[in-house]
Amino acid sequence: MQSSRNPEELGGSHKLYYHHMQGPGSYCLPSNYQTQEHSLSSDDCSQGTRYCIQSSHENYCTLESSSSAGSYTVYHSPSTVSVSSNGSPLSQKESESYPSDPYHSPENTHGSPISASCITDDVDLRNKLRELETMMLGPDSDIVDSLDSTFQNENNQSSSEPERWKQIMEVIPRGDLKQVLIACGKAVSDGDMIAASWLMGELRKMVSVSGEPIQRLGAYMLEGLVAKLALTGSSIYKALRCKEPTSSELLSYMHILYEVCPYFKFGYLSANGAIAEALKGETRVHIIDFQIAQGSQWVSLIQALAARPGGPPHIRITGIDDSTSAYARDGGLHIVGQRLSRLAESVKVPFEFHAGAMSGCEVELETLGVKPGEALAVNFAMMLHHMPDESVSTANHRDRLLRLVKSLSPKVVTLVEQESNTNTAAFFPRFVETLNYYAAVFESIDVRLSRDHKERINVEQHCLAREVVNVIACEGAERVERHEVLGKWKARFRMAGFTPYPLSSVVNATIRNLLESYSEKYRLEEKDGALYLGWMNRTLVTSCAWR
């Protein structure tokens, strides 16, 4: 789920294009990726990229990183893949050639047969991954510098493992996409590039960004596996930021997601209810929002406080947001301040806005501008999981930020987070967890957003796929989508000195009524002072408050 809480937040101009094709061909991964043509053209403000690719799948994906959409041409070839008597995949002899251009020289021509292992040698593999990266990110990318460690076990893999291939080949005919994804993830985790390449080729025939929920999610998870092998996950994550449609008449992608799923409204309502309750009777209040986006969460709260018996309090909001989100607002944080100030003035609420254009890792005590005599509320809505913890950095900004907030003696601190365990998990369990979590999210989207909705692909691609790719393809500091389950968050809050603050029963009833307007498959559970919002049997978002 997109970390930006604002339903209208947008960003980045990059698109991940999937083109529907007919007929067989060779799959575009290290094993048999074939590029016939690559040309680059540019003008004063944009560059286009043209690719001609042989492909064995019906839905091919690539990242177009130019500022305007490039052209993408697909040529089909009659190449096929067969299986040997022992169950291993064997590719027919294929060749490729490049026209003379700055990025491909005659030395890059490959004309030898692809062996039963699908990979000729490490040098050839690195070259092919470099070609894949160039196709996805442009000729200037330098991300794939060394792949030795990625495939250090490749020479130990055998192309004739009858029992293993028997198990793999039994998965395919059943057409169970989820099981094929899991098998592919396990092959990547084990460093079995032979099996991974074969399964990726099969997955290409099964996934579709316009199909069933599992097919759509499968397309993006497959893209994550491709990015993991090419070491391009971080670049894709940065590229796939929600971007406002060129036509002002179109709703933003985040706003569409906001309307079709109750996850954001659930977070807004539960957090605002706790804040309003904690600040009851206060004459001067200060709200610190650690990811304010466009400030949409505070519209309803300002309006509610304006109608408070005895008159509204003086409200001051400190909005924290990193500078990379400036283009998402079409400007800096001062725009958020202006919007909220106009709203407050219209409902006669005394109001101030303080901007902190920085990431949570950069926040210090003096940044927050806390003043004596103000009742303080702090809001963490789908933000803390972006903070690196002790598993990433000795600075441990996740816990440092909580201790800093506790030192301010706030009246209330609200936490809204995705209920998923991907922070310190190893690759394969993280892959399976991502599959199960986002499968429920994609299923819930189907209830309210028709399959033929013209912006469906953009909504899922820019607001959900970027998270999927980051979780699957990135490691270390580059993996910024690091979710934890509520039990772990509770431990962190208690360790920082916080105690639970009960959520409002009135707000809980409001949320239940909200969910009824969406689908009976949503469920709301109140347990141990926290709220759990789920889809069928999978909890997706949790909300709680602390003091």
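General remarks:
- Number of positions in the range 370-399 that are open to solvent by 10 Å² or more (accessible area, probe 1.4 Å), on the phi > 0 side of the Ramachandran plot and within 16 Å of the chain's Cα centre (by Cα): 0
- For the range 518-527, a tally of residues being free of Cβ contacts under 8 Å to residues at least 12 places away in the same chain and more than 27 Å from the chain's Cα centre (by Cα) returns 1.
- Checking the stated criteria, Val432 turns out to be assigned to a helix (DSSP H, G or I) and modelled with pLDDT of 95 or more.
- Members of the range 415-429 found to be in a loop (DSSP other than H, G, I, E, B) and farther than 13 Å from Cys474 by Cα, listed by number: Glu419, Ser420, Asn421
- Test result for Asn470, surrounded by fewer than 23 Cβ atoms within 10 Å (Cβ to Cβ) and touching a residue at least 40 places away in the same chain (Cβ under 8 Å): no
- Positions within the range 480-503 being part of a loop (DSSP other than H, G, I, E, B) and either without any contact (Cβ under 8 Å) to a residue 60 or more places away in the chain or at positive phi (or both), in sequence order: Gly497, Thr499, Pro502
- Among residues of the range 198-209 that are touching a residue at least 12 places away in the same chain (Cβ under 8 Å) and buried (at least 21 other Cβ atoms within 10 Å of the Cβ), those with a Cβ under 6 angstrom from a residue that is among the basic types (Lys, Arg) and part of a helix (DSSP H, G or I), sequence gap 6+ or separate chain, pair up as Val209/Arg216.
- Filter result for Val507 (within 18 Å of Val209 (Cα to Cα) and in a helix (DSSP H, G or I)): no
- Among (1) at negative phi; (2) without any contact (Cβ under 8 Å) to a residue 60 or more places away in the chain; (3) surrounded by fewer than 15 Cβ atoms within 10 Å (Cβ to Cβ) - the single one Val506 does not satisfy: (2)
- Count of residues meeting criterion [within 12 Å of Leu486 (Cβ to Cβ) and outside any loop (DSSP other than H, G, I, E, B)] in the range 510-533: 6
The values are calculated or read from the model by the stated rules, or taken from the named source; none is laboratory data. Values in this document were obtained by computation on a predicted structure and should not be read as measured data. Please note: Cβ atoms are built from the backbone with ideal geometry, for glycine as well, and neighbour counts cover all protein chains shown. The area values use the complete protein model at the heavy-atom level, side chains included, leaving out ligands, DNA and RNA. Shrake-Rupley method; radii C 1.70, N 1.55, O 1.52, S 1.80 Å.
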